[in-house]
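The structure under discussion appears below in the form of structure tokens.
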Ligand SMILES: [Mg+2]
């Protein structure tokens, strides 16, 4: 069994613009389904978000509500991911590479795993 650390915004949901509030995020169903299948198979799925790290606003209730509404199965939701510009890690995937998403249409064509 593997442990997956999964971001939320821009990873399992998208926003119309950088100023779109979290409450108007739109779920990316095929990605949610992908991680749900891993969860069902017994893998550990931890969602980790930096929501509120810069503003100081607690978005945990909203985030839990959204994940429930979107049918996101999870082992754990963690808030308090640090804000960052670059994430340097020997095991990390960029979401576009992981899902091989067509950046023009947003369509997911295939997955790395
Ligand atoms: Mg993100």
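In what sequence, highest mean first, do 12-21, 69-78 appear when ranked by Cβ atoms within 10 angstrom?
Output ranking for 12-21, 69-78: 69-78, 12-21.
Take peptides 26-38, 55-67 and line them up by average Cβ neighbours within 10 Å, highest first, as a rough protection proxy.
26-38, 55-67
Classify the chain from the C-alpha gyration tensor, please: rounded if a/c falls under 1.5, else prolate or oblate depending on whether a/b exceeds b/c.
It comes out rounded by the Cα gyration axes.
Give the relative contact order (percent, whole number) for the chain; include only Cα pairs under 8 Å separated by 6+ residues.
Dividing the mean separation by the residue count of the chain yields 23 percent.
Suppose R0 equals 25 Å. What FRET efficiency, 1/(1 + (r/R0)^6) with r the Cβ-Cβ distance, do residue 55 and residue 2 give to the nearest 0.05?
0.15
A short reminder: the numbers here are calculations on the coordinates, not readings from a lab. Quick caveat, the model's predicted, so the values are computed rather than measured. Cβ atoms come from the backbone with ideal geometry, glycine included; neighbour counts cover every protein chain shown.
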